[in-house]
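Every number here is computed from the coordinates shown, using simple stated rules; none is lab data. Keep in mind it's a predicted model, so treat the numbers as computed, not measured. We place every Cβ from the backbone using ideal geometry, glycine too, and count neighbours over all the protein chains shown.
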Amino acid sequence: MDREELRRKKFAECEAKTEEVYQRLPRLREIEEEIKKLSFQKIQQALLKKSLKKDGIEEKVFQLLKEKDLILEAEGIKPEFFEPDWNCKKCCDRGFTEPGVPCSCFSKEKSNILMERSGLVGEMLEKTFENFDLNYYTDPHSMQRKIQRAMEFIDNIHQGKKQQNLYLFGGVGTGKTHLSLAIANQLLKYDHSVIYKRIDDLLEIIIELKYEDKGNKEQLEVLKKVDLLVIDDLGAEKTSAFALNQIRIILEERANMNKAIIINSNLDLNDLQKYYGPRIADRIIENFDIYELKTEESIRVQKKKDGFS
Ligand SMILES: [Zn+2]
C-alpha cells in the first residue's frame, strides 16, 4: 500500500469512528454543523468586505466549542479521537515533514524495504566482521588483508567509486558466505540496496521474470541496478547454454553500470575456465579481484571440535 492509499484508509477509518460517536451523541454533530455554518458566514462577510461590526459570531463559536468540550469530557473522549490514527504523528504518514524533507519514518521504511528485498533472513543477518574469526585460517595475516580489502570494497560502494569486484573461492566451510554476508549486512546498514542469491535461485528468478511472465518485471531492473549483487555458490548450478548466457548478461550489464558484484564459488580459475568457457572466465579474471579463502579444514568442523574439546 503506498502512502496516499494508506492516508485515505486512515481518513476513512477516522470518518467511520466519528460517525459512530455522532450517532450516539447527536448534539456533537449539531455543534460541528453550527460551527461550520458560522465560520462560513464569517468568511462571506470578509469577502463582501462588510464592516466587521460586532456580530457575535466569535462568541457563539466559543460557546459551542465549550459545550463540545464538556460533552467530550463527560464521555471520556479525548479531542485527538477525531484525528486519523497516524502511524507517524510527525508527518501524518506523508513521509515528509515539509516539501523535500523526508521524515525519519521514511528512511526506516526504506531500510525495511531494502532488508526485505535483499534475500537476507534469519542467521544470515548475524554474519558480520565482528564475528568473523581469523584463527581458523591457514594464514591469518593474509586473511586479515582480505578483510581489509572487503572493508575498502564497502567504502568504495558507499562513495560510488569504480572498483574491481570480488571473486571469493575456496572449499566448503571456508567462510566465503560469512565474508560476503558481512559485506552485505554492512552495506544494508548504510541503506544501500543489496541482493544476495544462490546462483540456482538467481537463475530461477530470471527464468520466471524474463520468460514465464511471472512476478514483477521491475525486479529484473532491481537485479541490474542494486548497489551490490552477491551470487553465492557459482558452480553449484546445472550448467547449460541458457545459464551461461544469463550469467554473462548479468556480468556485462552490471559492469556497464559500474555496479558491484561478489561471487562465491568452490571453483578455482582452472575449474572456472572448464565450467564456463573462456568468455565468462575472462570477464571474471578481468573485472574481479580473486581471493582464495583457505582453512586446514572446514570452519564448521573446526568449530564442532572446539565445542567438544
Ligand atoms: Zn513520519
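For this structure, a couple of remarks:
- Net charge, D200 excluded, C-beta distance under 11 Å - Lys, Arg +1, Asp, Glu -1: -2
- Residue order, fewest to most beta carbons within 10 Å, for R283, R27: R27, R283
- Which listed pairs, of K210/K274; K36/K66; K10/K90; K189/K217, have C-alpha distances above 18 Å, in listed order: K210/K274; K189/K217
- As a calculated quantity, the FRET efficiency between R248 and K217 at R0 = 22 Å, using C-beta atoms, amounts to about 0.60.
- Neighbour net charge for R145 - beta-carbon separation under 14 angstrom, K R +1, D E -1: -1
- Taking a straight line from the alpha carbon of K108, these aspartates and glutamates sit under 17 Å away, with near neighbours fewer than eight places off in the same chain left out: D2, D93, E116, D191.
- 20 Å reach of a label modelled at I147, 7 Å along Cα-to-Cβ, counting backbone N of the range 167-200: 167-171, 173-190
- Radius of gyration and maximum dimension Dmax of the range 145-259, Cα, Å: 14.5, 44
- Within-14-Å neighbourhood charge of V101 [Cβ basis; K, R +1; D, E -1]: +1
- A Förster radius of 30 Å combined with the Cβ-Cβ distance from T97 to S39 puts the calculated FRET efficiency at roughly 0.60.
- The alpha carbon convex hull volume per residue for the range 3-85 rounds to 106 Å³.
- Span-like helix ranges in the chain, DSSP H, alpha carbon extent 15 angstrom or more, Kyte mean at least -1.0: 26-47, 57-75, 104-118, 140-158, 176-189, 199-210, 241-256, 269-287
- Label-point separation in nm, D2 to K238, each point 7 Å along Cα→Cβ: 4.1
- Max mean-square fluctuation residue, GNM over the chain, Cα-Cα springs under 10 Å, options F106, F129, F242: F242
- A Förster radius of 41 Å, combined with the Cβ-Cβ distance separating R27 from N87, puts the computed FRET efficiency at roughly 0.80.
- Computed over the chain, Kirkwood Rh from alpha-carbon pairs, angstrom: 24.6
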